[in-house]
Amino acid sequence: MSTIIHPQNHPVPLPHHRHLFPTKPPPYPPCSSSLSFPKPKSHHHRPLLLASTTAVSCHTLYYKPHICNDVNSLLTLLNLSVQYSDAELAKSVHACSLKLQEDTHLGNSLVLAYLKLGLFNHSLNVFASLCCPNLVTYSSLISGFAKSNQGSKAIELFMKMRTEGIEPNEFTFVAILSACIRVLESELGFQIHGLVVKMGFLDSTFVANALMGIYWKFTGNLRPVFKVFDEMPQRDVASWNTVISCLVKEGMYEKAFELFRVMQGIGCFRADFFTISSILSACEGSNAFMKGKEVHAHAIRIGLEGNLSVNNVLIGLYTQFGRVRDVAVLFESMPIRDVITWTQMITAYMEFGLVDLAMKVFNEMPEKNCISYNALMAGFCKNGEGLKAVKLFIEMVEEGLELTDFSLSSVINACALVMDVKASEQIQGFCLKFGFGSNVCVEAALLDMCIRCGRMADAEKMFRIWPVEHDNSVVCTSMLCGYARNGQPDEAVLFFLRCRLEGTMDLDEVTLTSILGACGTLGFERMGEQIHCYALKTGFVTDLGVLNSIISMYAKCGNMNDAIKVFDIMPVRDVVSWNALIAGHILHRQGDEALAVWSAMEEAGIQPDTITLFLVLSAYRHTNLDLVDDCRKLFLSMRTDYDIEPTSQHHASFVSVLGQWGLLEEAEETIENMTVEPKAYVWRALLDSCRIRLNTTIGKRVAKRILAMKPQDPSTYILVSNLYSASGRWHCSETVREDMREKGFRKNPARSWIIHQNNIHPFYTRDKSHPQTKDIYRGLEILVMECQKAGYVPDTSFVLHEVEEHQKKEFLLYHSAKLAATYGILMTKHGEPIRIVKNIHMCGDCHTFMKYVSIITKREILVRDASGFHCFRNGQCCCKDYW
């Protein structure tokens, strides 16, 4: 139905004066012998003919009672009731007919009139009162019920007709086959095909078209469809449309194009709106933009430029190919629009990221339905506007609109974007309360929401009770991504191995990317290599995302050589590929190499993104020479040269570079001159530089600023507390920690691990949970004694608790990194490097200890902490004691 209001769609309002009704009834169209209801050529005719057919009928039947006894007059009035959708007039005619002897023609006409007016119960009542309904009556009823989605009733009537010995005709067959499609009665549909053959109606074009629909719907196989099509003695446009539509739905686009060309070549068939719509859908599905433009031109040539269905498909076509201007021009030129048109425009603008225009279209819609709301809500989610999507959902609930599984999935996705734990719990409760919890799509979305909101325990509960009859490959992938995303890489690896053993997870690009990320986080190079081999074997190395993950995995595992090899053999690289290689060099504190990659990236003409510039700025911290001037030049030219507005992260990175090279005053001034309010982590970058440079003067000022901002992360409080502790101000340190406890923040416990024989061996401070704890502790005591002989002196200033000196030394002795290093030395062959990963920054005492261990054991020790890699060799570290 059109939603554009044209003048002719407005019936002219007539004043309610009695004298407007004529004393004689106006001339009516002549009654035809059969019940056909001509449509007026224009809505302008309606007010000229009569203001209210009901008023005229009451006047006519009251003042001229002889009409009630005239069957032809009643048929005329019945025609008018359908023509003007006047149910009251039809009922009046029905009342008059009850006073007459039964007239089959009038009874059949009443049945058909009620059907066309949508009064099915009235139609059935008239049908039940007929002593001998004929084929026309049955066919009309079967067709009417089939079209109104009451297929079961249509089938019941067909069976009744057969038991009364009335033979169906081609129109009956078409109606009953349509009913079978609607109620999914495949067996009956095939039986009716046999009856069609038996009664000789296979030559009927209409019946053959309906049979093609039956076989496509119930078999999904084009062979029987083409068999019926090939054996048709005569075809019409609907025959060609049916086959072309089936080909498009099957994704056989080239075959659909070929059949369309054959149809056009015959000459006697002219494509209609359904043909053009199907071919345009094929163009969209096959990414054939130029062919789509050709079909559009053909539609204009044959006079379909104003067709609603064709234009709706064209909006989708131009949206897919990013032609925002074409979409807007097409929309503005459409003479008729419906709710689908407006909804597609919302979707189109959301696809282009034009959120404001999409909202403008939504607000201007003459009529809205739940699909329109769903499109806007999904668009908000697509553009990261989770809060707006949640507010729109609340509006839908308050207005009592229909909520579908798509509505619920969209608002669940919105809660995941917002990452609000409280909101996620509320929407989960809403879904369960209203019975959507058993819907597999909603359940999958809820599980993903729990993961993205950090509720892994709840996600695990949902996963454990996931119905076995549902395909759980998708939820397995979600769980894997959840473990990797929420800082549980070891759980991710165990889950991956268990799912592979049980055969419940399909490996695709998303799965491989997630598990490669977990391997990189853990430093599990052996497993990462196996995933790389699997990707090579199965062809997934053609996927850019997988290759980028492989580069990152090798870099995080300490193998920059293989990371560079993978990068070099990539046939195509995007900005993420370059970012991954630059980040790898920075992780290894290879600033000069990172800047060399940046230069190559610029020469290759790759446009950097905001992450690229953040990484390049960070690279200047690790160069062999002082290149602060170059870093400053890059930072100041971000807007002009790269059209990228410096964010707080860029400022933090630049501040870290200035602090690294001792320019603390300039770093503080840079933050003071920021055009936006600096985030806590920007000041934290300066505070960290103050810690490294032992500048307590600036450090105290920065600490006060940070605490005044009331940051929402525990690491900032810990850094300030540590600064106070290191300077002996224990009271201030404890005040900061108490404030942290009151806000519910907990320090992430220090954890170090080592990979040995494909197993992850984790250690915490003073940890005694390892099966070989006795050997590790005994070995560590010996190692400390040997290091002390070589000159190692425990630095108790790194014990940030006010305890006795001997207790401080005991705390230092059993730090997680020392336990992991001892285990590595005990379990690996002499000469093999020790590889340790730590989740937070390594303390200064552990750093010094590792230097001495590398001397007395003559082993290379690689430790990756939150700042990057430390390579200890012969008493030296690659970080040059700045980390």
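The values are calculated or read from the model by the stated rules, or taken from the named source; none is laboratory data. These numbers were taken from a predicted model, which means no experiment stands behind them. Ideal geometry is used to build each Cβ from the backbone, glycine not excepted, and the neighbour counts take in all protein chains shown. Areas reflect the complete protein model, heavy atoms only, side chains present, ligands, DNA and RNA absent. Shrake-Rupley method; radii C 1.70, N 1.55, O 1.52, S 1.80 Å.
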Exercise. How long are the semi-axes of the ellipsoid equivalent to the chain, from square roots of 5 times the Cα gyration tensor eigenvalues, in whole Å, largest first?
Worked result: 76, 31, 27
For this session: Mind giving me the nanometre distance, one decimal, between the label points for Ala596 and Glu187, set 7 Å out from Cα along Cα→Cβ?
Result: 7.5
Problem set entry | Inter-probe distance in nm under a simple model that places probes 7 Å from Cα toward Cβ, at Ile336 and Leu387 | 4.4
Exercise. Rounded if a/c is under 1.5, else prolate if a/b is larger than b/c, else oblate: which is segment 148-237, with a ≥ b ≥ c the root eigenvalues of its Cα gyration tensor?
Worked result: oblate
For this session: Could you go through segment 859-871 in sequence order and give the Karplus-derived ³J(HN,Hα) for each residue, using 6.51 cos²θ - 1.76 cosθ + 1.60 with θ = phi - 60°, rounded to whole Hz, and x for Gly and Pro?
Result: 10, 8, 10, 10, 10, 9, 10, 5, 8, x, 8, 10, 10
For this session: Report, as a whole number in µm² per second, the diffusion coefficient that Stokes-Einstein gives for segment 316-366 at 37 °C and 0.692 mPa s using the Kirkwood radius over alpha carbon pairs.
Result: 304
Exercise. When all protein chains stay in place, what accessible area (Å², nearest 10, 1.4 Å probe) is found for Arg323?
Worked result: 90
Problem set entry | Solvent exposure ordering (accessible area, 1.4 Å, most first) of Val228, Val657 | Val228, Val657
Exercise. How large is the charge dipole for the chain, taken about the Cα centre, if only the Cβ atoms of Lys, Arg (+1) and Asp, Glu (-1) carry charge, to the nearest 20 debye?
Worked result: 780
For this session: Treating cross-link reach as a plain straight distance, find the aspartates and glutamates whose alpha-carbon is under 13 Å from the alpha-carbon of Lys217, omitting any fewer than eight places away in the same chain.
Result: Glu185, Glu187, Glu250
Problem set entry | Within segment 751-877: Cβ-based charge dipole about Cα centre, in debye rounded to nearest 20 (Lys, Arg +1; Asp, Glu -1) | 440
Seminar exercise, completed: Length gained if Glu399 through Asn287 is fully extended, taking 0.36 nm per residue and subtracting the Cα-Cα distance, is 36.4 nm
Exercise. How long is the gain from Asn439 to Arg639 if the chain were fully straight, where each residue apart is worth 0.36 nm and the alpha carbon distance is subtracted?
Worked result: 67.1 nm
Exercise. Near Ile776, within a Cβ-to-Cβ distance under 13 Å, what is the net charge of the other residues, with Lys and Arg +1 and Asp and Glu -1?
Worked result: +2
For this session: Between Lys880 and Arg261, take the C-beta separation as r, use R0 = 56 Å, and let me know the FRET efficiency to the nearest 0.05.
Result: 0.20
Seminar exercise, completed: A convex hull over the alpha carbons of segment 534-666 yields, per residue, a volume in Å³ of 108
Exercise. Given Lys774/Lys858; Lys391/Lys461; Lys382/Lys537; Lys293/Lys368, which pairs have Cα atoms separated by over 32 Å?
Worked result: Lys382/Lys537
Exercise. Ranked highest first by average number of other Cβ atoms within 10 Å, how do 822-830, 547-555 line up?
Worked result: 547-555, 822-830
Exercise. Where Rh denotes the Kirkwood radius from the mean inverse Cα pair distance, what is Rg over Rh for segment 607-732?
Worked result: 0.99
For this session: First obtain the Kirkwood hydrodynamic radius of segment 751-877 from its Cα pairs, then insert it into the Stokes-Einstein equation at 37 °C and 0.692 mPa s, and state the resulting D in µm² per second as a whole number.
Result: 226
Seminar exercise, completed: Taking the convex hull of the alpha-carbon atoms of segment 371-447 and averaging its shadow over every direction gives an area in square nanometres of 4.4
For this session: Using the Karplus curve 6.51 cos²θ - 1.76 cosθ + 1.60 with θ = phi - 60°, work out ³J(HN,Hα) for each residue of segment 831-840 in order, rounded to whole Hz, and write x for Gly and Pro.
Result: x, 6, x, 9, 10, 10, 10, 10, 7, 10
For this session: Tally up the carbon and sulfur contribution to the accessible surface of segment 751-877 as a whole percent, 1.4 Å probe, everything protein left in place.
Result: 50
For this session: Could you list the chymotrypsin sites (Phe, Trp or Tyr not before Pro) in segment 383-443 that lie in coil according to DSSP, counting only those with at most 14 other Cβ atoms within 10 Å of their Cβ?
Result: Phe434
Problem set entry | Heavy-atom surface of segment 751-877, accessible at 1.4 Å and reported per residue (Å²) | 49
Problem set entry | Estimated distance in nm for a label pair at Lys360 and Glu425, the labels positioned 7 Å out from Cα along Cα-to-Cβ | 4.2
Seminar exercise, completed: Sites removed, the longest contiguous part of the chain containing no DSSP-loop GluC sites (Glu not before Pro) with at most 11 other Cβ within 10 Å is 470-803
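Give the value in nm², to one decimal: projected area of the alpha carbon convex hull of segment 259-412, averaged over all directions.
9.9
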Problem set entry | Net charge over other residues, Cβ less than 15 angstrom from the Cβ of Val183 (K, R count +1; D, E count -1) | +1
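Keeping all protein chains in place, calculate the accessible area per residue for segment 171-243 (probe 1.4 angstrom), answer in Å². Walk me through the numbers before you get to the answer.
Details: 3410 Å² over 73 residues.
Roughly 47 Å² per residue, with all protein chains present.
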Exercise. If you count, for each residue, the other Cβ atoms within 10 Å and average over each peptide, how do 841-847, 145-151 line up from highest to lowest?
Worked result: 841-847, 145-151
Problem set entry | Nearest-10 value in Å² for the accessible area of Arg270, using the 1.4 Å probe | 150
Exercise. Lys/Arg Cβ at +1, Asp/Glu Cβ at -1, dipole of the chain taken about the Cα centre: which of Tyr483, Ser721, Tyr373 is farthest positive-ward?
Worked result: Ser721
